[in-house]
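The values are calculated or read from the model by the stated rules, or taken from the named source; none is laboratory data. Just so it is clear, the model here is predicted, and its values are computed rather than measured. Cβ atoms come from the backbone with ideal geometry, glycine included; neighbour counts cover every protein chain shown.
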Protein chains: 2
Amino acid sequence: MEKKYSSEEEFLKDYDSSMFEKLSMTTDILIMSVSTEESENYRKLEEKKFSILLVKRDDYPYKDKWCLPGGFIKMDETLEESANRVLEAETNLKNIYIEQLYTFSDVDRDPRMRIVSTAYMALIDKNKIKDDLKENSCWFNVSLVEETEKKYKVVLENGKEEISFILNKKLKEQTTDRYEFSVAKNDKLAFDHPIVIVSGIERLKNKIEYTDIVFNMMPKYFTLSELQQVYEVILNKKLLAPDFRRIIANKVEKTDQVRKGKGHRPSALFKYKGSKD
Amino acid sequence: MEKKYSSEEEFLKDYDSSMFEKLSMTTDILIMSVSTEESENYRKLEEKKFSILLVKRDDYPYKDKWCLPGGFIKMDETLEESANRVLEAETNLKNIYIEQLYTFSDVDRDPRMRIVSTAYMALIDKNKIKDDLKENSCWFNVSLVEETEKKYKVVLENGKEEISFILNKKLKEQTTDRYEFSVAKNDKLAFDHPIVIVSGIERLKNKIEYTDIVFNMMPKYFTLSELQQVYEVILNKKLLAPDFRRIIANKVEKTDQVRKGKGHRPSALFKYKGSKD
DNA sequence: AATGTTAATATCAAGTAGATAATAATAAGG
DNA sequence: CCTTATTATTATCTACTTGATATTAACATT
């Protein structure tokens, strides 16, 4: 039965691609950003919030639940291209920082059929979105609290609705790197997206300390206090200004512009040293 | 044409899973270990080498080229289960540390058809392999040299054969995390496996500094010099013993056994504090 | 008993990070 | 114009971490 081939061309000509079982793949994309909430008090600093973009499903399965933007990949695009396509459809933004997070493959993660999904995370400066968001999509502010060393509590809220869940940080065994997911059923989030959200936030939290990816969420010019707030809201802790400035000093470049009008000493505007323009 | 459903059950009953294009998925697994090369001189310390397991393909495509162990996933197993299955088939080992590396999805990465592959890395203590390896598989010592900040040179050798390639570390844009792969064609390694190998070594290099994964490659009892050599061969640089001992001190536990007979002060045997047994 | 070798510890110096104090520059209100 | 509240920015002190060298210990061989 096994035919012997003498060259790769010959083999490929005969190849029957239905020999192995097939499945569908999707990409899900966790779009993260920081917002500036204007406060009424001129003296009070605006409060930065960390937020992610969710869309409401208007079809089955998980009809009317929230989920990450995503979609099936096409046969002529890579996963990354697929994620970028979804990202652009959702935000109208191109050339966005995007990073592969993890590929989720639980056999029953989708009730329709076997679907493996690769999650990406994207970092954007929310203010660059010119047009309104699509009707069914919405920013949710994130608060992620490490309750114990092994337990996360996550709260997502968009002003009207609140979604919360607990995630167990414990590793399955010591033989793997995956989180165990302890939310038996979340009634507001679709699929395995809670764990995607936490994986992405964790990744950002780590990488913000040893890479420059945070600048993908910043406008071109910013004050060091603003940048510090972004760090604070992502790391979920207060930082001391002198130390923060010391650490960030070699990544940023002072411009000769300042931001005035705040009722206190004006702050110098900085820009990212590594920026292309 | 769009039928309206009133419940998820109803929707799923009607669902046509052929609606979206499908593809095959494989897992590839990068099995890494450190070897102890016995030296003839009783005084000379054995030299540790860092090595990975490759198998020679005996079918098309890439017949007679070396590649990572791997295989198609089944419809009733997760990617991780698939990787573990391949790992066990290759080494007869169970309960091995395994970690998802990256999912590769270039459209033409396999000449047969569209195949997306998720790469895993596994860390083993080579000495635990009781039986011989399969006939077509073989350990290759790795030397990975960072030639410039953006350029890697990798040399794999198994005593008879040498495989080398250059990999460009430059990121595609600043909008992604993927390495650009500069080996137009490698005539000894199949598929995109050169980049998988480098990704895995990089990951290990990083994680060895802030996690305890190195102990997955160690026997139960070891001397601190042996452990230091493992660090040195992975990080590809010499470390100072006093500083190394200081850093590693709280991760290991001294036993009351020693290793004698080397013509110098005997070394205490240690074990990993976090080990289960 | 002398020698060569690695194991293990002690110690010094340089650099990093956490914290507090001091000074600067504005807007608002009198 | 002067005072006040507020944040921006810099200076400085101390504790801790890290890189490096020196010292002592314990063996096997000759």
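Residues that are in contact with a helix residue (DSSP H, G or I) (Cβ under 9 Å, 6 or more places away or on another chain), closer than 27 Å to A:P219 by Cβ and of a type in the set (V, I, T) do occur in segment A:95-106.
Of the residues making up segment B:233-250, those that are within 13 Å of DNA strand D (Cβ to nearest atom) and in contact (Cβ under 8 Å) with a residue 12 or more places away in the chain number 6.
Restricted to segment A:9-100, the set of strands (runs of 3 or more DSSP E) holding at least 3 residues that are at pLDDT 90 or above and more than 11 Å from chain B (Cβ to nearest Cβ) comprises A:24-37, A:47-56. For segment A:231-252, the set of residues classified as loosely packed, with under 15 Cβ neighbours inside 10 Å, among the charged types (D, E, K, R) and closer than 19 Å to A:K48 by Cα consists of A:K237, A:K238, listed by residue number. Got at least one residue in segment B:183-195 being more than 14 Å from chain A (Cβ to nearest Cβ), exposed (fewer than 13 other Cβ atoms within 10 Å of the Cβ), away from DNA strand C (no atom under 13 Å from the Cβ) and closer than 29 Å to B:A119 by Cα? Yes, segment B:183-195 has at least one match. Within segment B:188-203, does at least one residue satisfy the condition of being in contact with a strand residue (DSSP E or B) (Cβ under 8 Å, 6 or more places away or on another chain), of a type in the set (D, E), at pLDDT below 95 and not assigned by TED's automatic domain parsing to the domain that holds B:L68? The answer is no; no qualifying residue exists.
Per-residue answers, yes or no, for (1) under 30 Å from A:L156 (Cβ atoms); (2) more than 14 Å from every other protein chain (Cβ to nearest Cβ); (3) within 13 Å of DNA strand C (Cβ to nearest atom):
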{"position": "A:I197", "(1), (2), (3)": "yes, yes, no"}
{"position": "A:R203", "(1), (2), (3)": "yes, no, no"}
{"position": "A:D212", "(1), (2), (3)": "yes, no, no"}
{"position": "A:K220", "(1), (2), (3)": "yes, yes, no"}
{"position": "A:V230", "(1), (2), (3)": "yes, yes, no"}
{"position": "A:K238", "(1), (2), (3)": "yes, yes, yes"}
{"position": "A:N250", "(1), (2), (3)": "no, yes, yes"}
{"position": "A:T255", "(1), (2), (3)": "no, yes, no"}
{"position": "A:F270", "(1), (2), (3)": "no, yes, no"}
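Could you tell me whether A:T255 is more than 22 Å from the chain's Cα centre (by Cα), within 12 Å of DNA strand D (Cβ to nearest atom) and surrounded by 14 or more Cβ atoms within 10 Å (Cβ to Cβ)?
no
If a residue must be assigned to a strand (DSSP E or B) and in contact (Cβ under 8 Å) with a residue 60 or more places away in the chain, how many such residues does segment A:101-122 contain? Here the count works out to 11. In the condition set (1) more than 16 Å from DNA strand D (Cβ to nearest atom); (2) within 15 Å of B:S51 (Cα to Cα), B:L189 is compliant with all but (2).
Considered as a group, the residues in segment B:258-277 that are charged (D, E, K, R) and either surrounded by fewer than 12 Cβ atoms within 10 Å (Cβ to Cβ) or without any contact (Cβ under 8 Å) to a residue 40 or more places away in the chain (or both) include one that is nearest to B:R245 (Cα to Cα), and that residue is B:K273. Can you tell me which residues in segment B:135-155 are outside any strand (DSSP E or B) and touching a strand residue (DSSP E or B) at 6+ places or on another chain (Cβ under 7 Å)? Within segment B:135-155, B:N136, B:K150 meet the criteria.
Give segment B:203-224 a look and list any residue that's assigned to a helix (DSSP H, G or I) and surrounded by fewer than 16 Cβ atoms within 10 Å (Cβ to Cβ), or say none.
B:K205, B:N206, B:E209, B:Y210, listed by residue number.
Filtered by the rule that a residue be more than 16 Å from DNA strand D (Cβ to nearest atom), in contact with a strand residue (DSSP E or B) (Cβ under 8 Å, 6 or more places away or on another chain) and of a type outside the set (D, E), segment B:215-226 gives B:F215, B:N216, B:M217, B:M218, B:K220, B:Y221, B:F222. Looking at segment B:218-248, which of its residues are of a type outside the set (K, R) and within 21 Å of B:V145 (Cβ to Cβ)? Listed by number, the residues that qualify are B:Q228, B:Q229, B:V230, B:Y231, B:E232, B:V233, B:I234, B:L235, B:N236, B:L239.
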